[in-house]
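The values are calculated or read from the model by the stated rules, or taken from the named source; none is laboratory data. Please read all numbers here as calculations on a predicted model, not as lab measurements. Cβ sites come from the backbone with ideal geometry, for glycine too, and all protein chains shown count toward neighbours. When the accessible area is computed, the model is the full protein with side chains, heavy atoms only, and any ligands, DNA or RNA have been set aside. Shrake-Rupley method; radii C 1.70, N 1.55, O 1.52, S 1.80 Å.
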There are 2 protein chains.
Amino acid sequence: MTAPQEKSPFVQACRREPVPYTPVWFMRQAGRSLPEYRRVREGISMLDSCTRPELITEITMQPLRRYDVDAAILFSDIVVPLRAVGIDVDIKAGIGPVVETPVRTAEDLGPLRALEPGDVPYVTDAVRALVTELGERPLIGFAGGPFTLASYLVEGGPSKNHEATKALMYGNPELWHALLGRLADIIISFLRIQVAAGASAVQLFDSWVGAVAPDDYWQAIMPHTSRIFAALGSAGVPRIHFGVGTGELLRLMGEAGADVVGVDWRIPLDEAVRRVEPGKALQGNLDPAILLAPWEVIEERARDVLVRGRTAEGHVFNLGHGVLPDTDPDVLARLVDLVHAESARAPS
Amino acid sequence: MTAPQEKSPFVQACRREPVPYTPVWFMRQAGRSLPEYRRVREGISMLDSCTRPELITEITMQPLRRYDVDAAILFSDIVVPLRAVGIDVDIKAGIGPVVETPVRTAEDLGPLRALEPGDVPYVTDAVRALVTELGERPLIGFAGGPFTLASYLVEGGPSKNHEATKALMYGNPELWHALLGRLADIIISFLRIQVAAGASAVQLFDSWVGAVAPDDYWQAIMPHTSRIFAALGSAGVPRIHFGVGTGELLRLMGEAGADVVGVDWRIPLDEAVRRVEPGKALQGNLDPAILLAPWEVIEERARDVLVRGRTAEGHVFNLGHGVLPDTDPDVLARLVDLVHAESARAPS
């Protein structure tokens, strides 16, 4: 690939190549924290807004007009490909994804058919439009990870303890692997569609996978994650893997085939470096709640993240989880500038 | 102390002394998973049930009639001492603790006065009655930890991200330390009252402290936890410290002065052994969700916990968090017997 995005600091950091400064973007940089987002979403449901190419494009671009971030991330939701194959899932305000018929038996797998590009034309259209508009700035494609999607499907909605999901995982491994196999197929397809349309990188958000112990991750989830990353290998784009509370899983999440391992704020980046195998870049990991503190505190903590990040073979600055809704956009703008200025000055 | 409980396997394991078998109890062994609990609670609010000595005693004893567990834990709630000093807090069904006036300024600290034994006569009465009824079986007293109590007070209720709490912690260290200082005073007092009435051990549940990074724990929370454990030192009872998702904090949680470090299910016990400093016993750590799986799975996982637990200087078997409401009590009964039989047979 000789696309202009190849020489962007974001892609270079993902590839562990030298960078002029540490690239930065924010999980959920588009969305609830921006007044212009709330304005364009007025009267439009979350899933509707993820199926209109102009709206996807507009919302994806909004943060880039405010922040000098080094990448855009496609505005979508992890349940979009499930809905696209016909699963009766909706996103309820204040609750999250709700699935009409939870998956409990082999028969329930029926609707989880293969995802075709024709199922998500709005994604292809939006990615193409965005790539043109973004120029040298890379677009990150994304998909939900297999455990997280399985949890919504099995629980029927958001869950604190993932009881039913784990009961299935422990109690019926055959059905569990069949479910995760189908989800992996859908995820691979959804990510390939985004890459084919021009996305420069992909992130697999297995947000809730930190709820399982390492042995269970290895046995019940990692085979599917590995297949997803392997299937994306020939695409040649950096593959990022992120989940919350995954301190004990970081090595395995890297071994599954990620080029970049996302780290939440609970584990210092230099400790994360010691846990992943060599040959991985890291992404993270300022506590999103710190952005609600005075600027002096934010500045000090952001510098600390940069210093620890220098021990990694490559570092993409990010928060340790998504931007919180109450975050002041001006603070994010200032943080981007700080990260760029500090890292350009420091020996890398 | 030469009380009969001193020679119980539970206290011996906490003290890292040889035991005839691995002692076991379960966080939330009393409560929602038991039909007899739901029966006695009918029409009585949670906080009311925590202030009636006969009800506290009955509910504390209920699991001991079903399970051969090695310790009872006082039925109470972490907000009981807050309510006792006059904080307007209630426990709403399906929500959790709700605080009428959240703490945001120095003036809001006013109501957090010192806790006197006369504020919680029902606790003294219940502990005394229980100690008599339990005989050689130890009673564990408990209190909520400073971060967790602070979070309920600052947020005004349960919180996913603890934003306001962290904003205070990062943004106003003076008020933060004043708040945690007052909470530590109340916690010390509440635990001393339970020990004075006959509790054989205490557990500090700082359930949500895993939401902070190690540096923040060290700086903002640990000084107060250390003071709590130090103040309990002369009481001579084992001090247990537990929180969820605390893989990165285990060493510090031990260093704060705990004799026993509680471990959630995310981190294998043999890895937890490597993280805590020598001279600590461990407690844990079967995933509570495993109890919803078939018995063969539970058996295999429980054995695995026992094997890994043997690498610790002392091991108290427990779940990695509280018993889930849907758990079958018969499964817990069977698990207790398994832990006893397996560990009595195995070389320790």
- request: Enumerate the helices (runs of 4 or more DSSP H) found wholly within the range A:1-108, keeping only those where 2 or more residues are more than 23 Å from A:Leu335 (Cβ to Cβ) and more than 17 Å from the chain's Cα centre (by Cα).
  value: A:35-41, A:46-49, A:53-66, A:80-84
The range A:287-296, subset open to solvent by 40 Å² or more (accessible area, probe 1.4 Å) and free of Cβ contacts under 8 Å to residues at least 24 places away in the same chain, residue nearest to A:Ala344 (Cα to Cα): A:Glu296
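For every residue, the table says whether it meets (1) assigned to a helix (DSSP H, G or I); (2) over 20 Å from the mean Cα position of the chain (by Cα); (3) among the β-branched types (Val, Ile, Thr).
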position: A:Ile290; (1), (2), (3): yes, yes, yes
position: A:Arg303; (1), (2), (3): yes, yes, no
position: A:His321; (1), (2), (3): no, no, no
position: A:Asp326; (1), (2), (3): no, yes, no
position: A:Arg334; (1), (2), (3): yes, yes, no
position: A:Asp337; (1), (2), (3): yes, yes, no
position: A:His340; (1), (2), (3): yes, yes, no
query: What are the residues in the range B:172-194 that are in a helix (DSSP H, G or I) and open to solvent by 30 Å² or more (accessible area, probe 1.4 Å), if any?
result: B:Pro173, B:Glu174, B:His177, B:Ala178, B:Arg182, B:Asp185, B:Arg192
field: Checklist (1) within 16 Å of B:Arg83 (Cβ to Cβ); (2) within 20 Å of the chain's Cα centre (by Cα) applied to B:Pro111, failing item
entry: (2)
task: Tell me which residues, restricted to the range A:196-217, are part of a helix (DSSP H, G or I), surrounded by fewer than 21 Cβ atoms within 10 Å (Cβ to Cβ) and out of contact with any Asp or Glu (no Cβ under 9 Å at 6 or more places or on another chain).
output: A:Ala196
query: Which residue, of B:Pro18, B:Pro63, B:Pro35, is open to solvent by less than 30 Å² (accessible area, probe 1.4 Å) and either farther than 29 Å from B:Ser151 by Cα or free of Cβ contacts under 8 Å to residues at least 12 places away in the same chain (or both)?
result: B:Pro63
Among the residues listed as A:Glu299, A:Glu313, the single one being surrounded by fewer than 17 Cβ atoms within 10 Å (Cβ to Cβ), part of a helix (DSSP H, G or I) and charged (D, E, K, R): A:Glu299
- prompt: Which one of these is farther than 18 Å from A:Gln12 by Cα and surrounded by 22 or more Cβ atoms within 10 Å (Cβ to Cβ): A:Ile240, A:Ile228?
  reply: A:Ile228
- line: Note: among B:Val99, B:Val40, B:Val103, just one is open to solvent by less than 60 Å² (accessible area, probe 1.4 Å) and touching a Phe, Trp or Tyr at 6+ places or on another chain (Cβ under 7 Å), namely B:Val99
message: So in the range A:287-316, with the set limited to residues that are more than 12 Å from chain B (Cβ to nearest Cβ) and of a type in the set (Lys, Arg), which one is nearest to A:Ser8 (Cα to Cα)?
response: A:Arg310
query: What are the residues in the range B:229-246 that are free of Cβ contacts under 8 Å to residues at least 12 places away in the same chain and assigned to a helix (DSSP H, G or I), if any?
result: none
- prompt: On the given criteria, is A:Ile267 touching an Asp or Glu at 6+ places or on another chain (Cβ under 8 Å) and without any contact (Cβ under 8 Å) to a residue 24 or more places away in the chain?
  reply: yes
field: Residues within the range A:149-171 that are more than 12 Å from every other protein chain (Cβ to nearest Cβ) and part of a loop (DSSP other than H, G, I, E, B), tallied
entry: 2
query: Restricting attention to the range B:267-286, and to residues there that are away from chain A (no Cβ under 14 Å) and open to solvent by less than 10 Å² (accessible area, probe 1.4 Å), which single residue is farthest from B:Gly314 (Cα to Cα)?
result: B:Gln283
- prompt: Any idea which of A:Val127, A:Val123 is in contact with a Gly (Cβ under 7 Å, 6 or more places away or on another chain) and assigned to a helix (DSSP H, G or I)?
  reply: A:Val127
message: For the condition touching a helix residue (DSSP H, G or I) at 6+ places or on another chain (Cβ under 8 Å), at pLDDT 95 or above and not polar (S, T, N, Q), what is the one hit in B:Pro268, B:Pro278?
response: B:Pro268
- prompt: Is it fair to say B:Val85 is buried (at least 18 other Cβ atoms within 10 Å of the Cβ), among the aliphatic types (A, V, I, L, M) and either out of contact with any strand residue (DSSP E or B) (no Cβ under 9 Å at 6 or more places or on another chain) or at pLDDT 95 or above (or both)?
  reply: yes
- line: Here the residues within the range A:133-148 that are part of a loop (DSSP other than H, G, I, E, B) and surrounded by 24 or more Cβ atoms within 10 Å (Cβ to Cβ) are A:Pro138, A:Gly145
query: Out of all the residues in the range B:46-57, is one or more over 20 Å from B:Val316 (Cα atoms) and loosely packed, with under 15 Cβ neighbours inside 10 Å?
result: yes
task: Would you please name the residue that is farthest from A:Glu271 (Cα to Cα), looking only at residues in the range B:220-249 that are within 12 Å of chain A (Cβ to nearest Cβ) and more than 15 Å from the chain's Cα centre (by Cα)?
output: B:Ala220
task: Please enumerate the residues belonging to the range A:247-264 that are assigned to a loop (DSSP other than H, G, I, E, B) and open to solvent by less than 30 Å² (accessible area, probe 1.4 Å).
output: A:Gly247, A:Leu249, A:Ala256, A:Gly257, A:Ala258, A:Val263, A:Asp264
field: Output for the range B:316-348, where each listed residue is at pLDDT below 95 and buried (at least 20 other Cβ atoms within 10 Å of the Cβ)
entry: none
statement: Just one listed residue, out of A:Ile56, A:Ile44, is among the aliphatic types (A, V, I, L, M) and out of contact with any helix residue (DSSP H, G or I) (no Cβ under 6 Å at 6 or more places or on another chain), and it is A:Ile44
